[in-house]
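**Q** Pasting a structure here, questions to come.
The values are calculated or read from the model by the stated rules, or taken from the named source; none is laboratory data. All values reported here derive from a predicted model rather than from experimental measurement. Please note: Cβ atoms are built from the backbone with ideal geometry, for glycine as well, and neighbour counts cover all protein chains shown.
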Ligand SMILES: O=C(O)C(=O)C[C@]1(C(=O)O)C=C[C@@H](O)C=C1
């Protein structure tokens with residue numbers, strides 16, 4: 001019983017890792033595009049739309065919308081950190 005539940009949890013955790021890796025691969029490309037076009041790393045208007053959408057989805061999925069919002073904010077904070085690093089690399093010393 002406990003073992004079976006834990007096996008499912010492990011599978012779901014693995015799926016989350018793969019999904020996050022895919023998400024970060026795409027946001028990395030967004031970061032490079034933004035740096036090339038001198039766009040700011042963060043887009044608060046886009047984030048507001050994402051929060052509204054995910055809160056709605058969370059409600060429908062019976063997941064705490066506050067948790068969904070915090071989870072998204074946690075991920076986006078890391079993405080913005082990556083975007084900033086990419087922008088620094090493309091404008092800093094040694095940039096071509
Ligand atoms: O869509 C963008 O502009 C992104 O940079 C991606 C992303 C995200 O991780 O979803 C990250 C930062 C922005 O503030 C908004 C969204």
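**Q** Please go through the range 60-95 and give me each residue that is in contact with a helix residue (DSSP H, G or I) (Cβ under 9 Å, 6 or more places away or on another chain) and outside any helix (DSSP H, G or I), ordered by number.
**A** 63, 64, 95
**Q** Could you check the range 30-45 and list, in sequence order, the residues that are at negative phi and more than 10 Å from the ligand (Cβ to nearest atom)? Steps first, answer last, please.
**A** Step one: list which residues in the range 30-45 are at negative phi, which gives 30-37, 39-45.
Across the range 30-45, the qualifying residues are 32, 35, 36, 37.
**Q** Of the residues that make up the range 76-84, is at least one surrounded by 14 or more Cβ atoms within 10 Å (Cβ to Cβ), under 19 Å from residue 31 (Cβ atoms), at pLDDT 95 or above and more than 10 Å from the ligand (Cβ to nearest atom)? Before the answer, list the steps.
**A** Of the range 76-84, the ones surrounded by 14 or more Cβ atoms within 10 Å (Cβ to Cβ) are 76, 79-80, 82-84.
Those still in the list that are under 19 Å from residue 31 (Cβ atoms) too: 76, 79-80, 82-84.
From what is left, the residues that are at pLDDT 95 or above are 76, 79-80, 82-84.
This time we only want the ones that are more than 10 Å from the ligand (Cβ to nearest atom), so: 84.
Yes, that holds for at least one residue.
**Q** Something else now. Just one of 14, 21, 48 is in a helix (DSSP H, G or I), within 18 Å of the chain's Cα centre (by Cα), without any contact (Cβ under 8 Å) to a residue 24 or more places away in the chain and more than 16 Å from the ligand (Cβ to nearest atom); which is it?
**A** 14
**Q** Further question on the same structure: Looking only at residues that are surrounded by 12 or more Cβ atoms within 10 Å (Cβ to Cβ) and within 11 Å of the ligand (Cβ to nearest atom) in the range 54-75, which one is nearest to residue 25 (Cα to Cα)?
**A** Among those residues, the one meeting the criterion is 75.
**Q** When residues of the range 24-45 are filtered for being surrounded by 10 or more Cβ atoms within 10 Å (Cβ to Cβ) and not in a helix (DSSP H, G or I), how many remain?
**A** Adding up the residues that qualify gives 5.
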